[in-house]
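**Student:** What follows is a single structure, and I will ask about it in a moment.
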Amino acid sequence: MANTTIQLKFSTATATPTTLNVAEPAYSYTSNILFIGSPASTGSIAIGGKFYTDQQGLIYNHANAAFSAANNATDTYVRNHANAAFDQANSAITLSAATDATQNTNITSVTNTATAAFLAANSAATLSAATDVTQNNSITAAFLAANSAATLSAATDATQNTNITNAQNTADAAFLAANSAATLSAATDATQNNSITAAFLAANSAATLSAATDATQNNSIAAAFAQANTDFTNISISSADHGSASAVAAFRVAANGRIVSANSTSIAIDTAAITTGILGVARGGTGAGTHTNNGVLLGQGTSAVTTASSSTEGHVLTINSSGVPAFAHLQGGTF
């Protein structure tokens, strides 16, 4: 179980806080009084503290001592003195300057009456159950809010950003390949046609060559014919644009460079194929190659994200005076 330190707002120099948020608790070690913020958040209300417990203990001790003496006296002299002591014990006790006039008046009225003092001395000094519940709910809500999770994990961000970027790169490459010059130039076609014509004329010339010459000539003619007829015949490809933002163009090319077929293939690149590069913040990435173990990612505008982390047990994510998230023990500050 985490040992989270939760501190109330406090002061060692100021007796009474000027203002507190509604239901915000605070304690003054100067006046030894516990306060809570007013409903309108415009002031503070004293609800307890060591000042009151000490005062109640003093009243209780004096009242009970006087009561015991008054009821155990055996003669008039002793009884009269015991009653006088009882009256003295229940006289008004001056409260410290830190307590407001209304509280002083109420406590003084209580101590003026022996019976009321006796009852007050023995009354429960704890706060009402409603007050306890309100305070506990406020503290619990603050604790839960401080530990809420607001950020996506680094692994999810990295995977999503990488898949967008790779699809774009693949589409661009396909576009360039689709538009490359895959056909032979007009000059090449003309040269090939001339070679075929020359071979045809040579084969059909009327000059009678020797058997050796015929054999050589026939071999040359056969080679020229084979060279002239390496292209595919009866190939027909419809004019069309191939490739898109979600598909890449795919081509089949013959040995002589002619395109035999063309189509589009849907983009499906596995993330394992991506091995280099860091996706920047401007493209939806983190801009960082590594992150601290067990850290919380913090946005830094267009710069790479940073990490807040802590190895101290009981720390929670808080906001410091500069508005920067940081891990620390939960405390209410000072006044």
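**Student:** Counting only residues that are within 25 Å of Phe327 (Cα to Cα), open to solvent by 50 Å² or more (accessible area, probe 1.4 Å) and in contact with a Pro (Cβ under 8 Å, 6 or more places away or on another chain), how many does region 1-42 have?
**Tutor:** Within region 1-42, residues that are within 25 Å of Phe327 (Cα to Cα), open to solvent by 50 Å² or more (accessible area, probe 1.4 Å) and in contact with a Pro (Cβ under 8 Å, 6 or more places away or on another chain) number 1.
**Student:** Now for a different question. Got at least one residue in region 45-63 being part of a strand (DSSP E or B), in contact with a strand residue (DSSP E or B) (Cβ under 9 Å, 6 or more places away or on another chain) and not β-branched (Val, Ile, Thr)? Step through it out loud before you land on a result.
**Tutor:** Step one: of region 45-63, the residues part of a strand (DSSP E or B) are 45-48.
Still in the list and also in contact with a strand residue (DSSP E or B) (Cβ under 9 Å, 6 or more places away or on another chain): 45-48.
Remaining after also requiring not β-branched (Val, Ile, Thr): 46, 48.
Yes - at least one qualifying residue is present in region 45-63.
**Student:** Same structure, new question: May I ask you to list the residues in region 1-20 that are in a loop (DSSP other than H, G, I, E, B) and more than 27 Å from the chain's Cα centre (by Cα)? First the steps, then the outcome.
**Tutor:** Filtering region 1-20 for residues in a loop (DSSP other than H, G, I, E, B) gives 1-5, 7-8, 12-20.
Correct list: Thr12, Ala13, Thr14, Ala15, Thr16, Pro17, Thr18, Thr19, Leu20.
Here is a yes/no grid of residues against (1) open to solvent by less than 40 Å² (accessible area, probe 1.4 Å); (2) at positive phi; (3) modelled with pLDDT under 95; (4) of a type outside the set (Phe, Trp, Tyr):
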residue	(1), (2), (3), (4)
Thr276	no, no, yes, yes
Leu279	yes, no, yes, yes
Thr290	no, no, yes, yes
Asn294	no, yes, yes, yes
Glu313	no, no, yes, yes
Ala326	yes, no, yes, yes
Leu330	yes, no, yes, yes
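**Student:** If you don't mind, there's one more thing I want to ask. Can you say whether Thr318 is closer than 30 Å to Leu144 by Cβ and in a loop (DSSP other than H, G, I, E, B), as far as the supplied structure shows? I'd like the intermediate steps shown before the answer.
**Tutor:** Details: closer than 30 Å to Leu144 by Cβ: yes; in a loop (DSSP other than H, G, I, E, B): no.
Answer is no for this residue.
**Student:** Among the candidates Ala247, Ala268, Ala304, single out the residue that is among the small types (Gly, Ala, Ser), modelled with pLDDT under 90 and over 30 Å from Ile6 (Cα atoms). First the steps, then the outcome.
**Tutor:** Numbers: Ala247 fails: modelled with pLDDT under 90; Ala304 fails: modelled with pLDDT under 90.
The conditions single out Ala268.
**Student:** Might you check whether a residue that is free of Cβ contacts under 8 Å to residues at least 40 places away in the same chain and among the acidic types (Asp, Glu) occurs anywhere in region 309-332?
**Tutor:** no
**Student:** Could I ask something else about it? Please go through (1) more than 30 Å from Asn137 (Cβ to Cβ); (2) out of contact with any Ser or Thr (no Cβ under 8 Å at 6 or more places or on another chain); (3) at pLDDT below 75 for Ser91 and return the number of the only condition it doesn't satisfy.
**Tutor:** Single failed check for Ser91: (2).
The values are calculated or read from the model by the stated rules, or taken from the named source; none is laboratory data. Values in this document were obtained by computation on a predicted structure and should not be read as measured data. Virtual Cβ from ideal backbone geometry, glycine too; neighbours counted across all protein chains shown. Just so you know, the surface numbers come from the protein's heavy atoms only, side chains and all, with ligands and any DNA or RNA stripped out. Shrake-Rupley method; radii C 1.70, N 1.55, O 1.52, S 1.80 Å.
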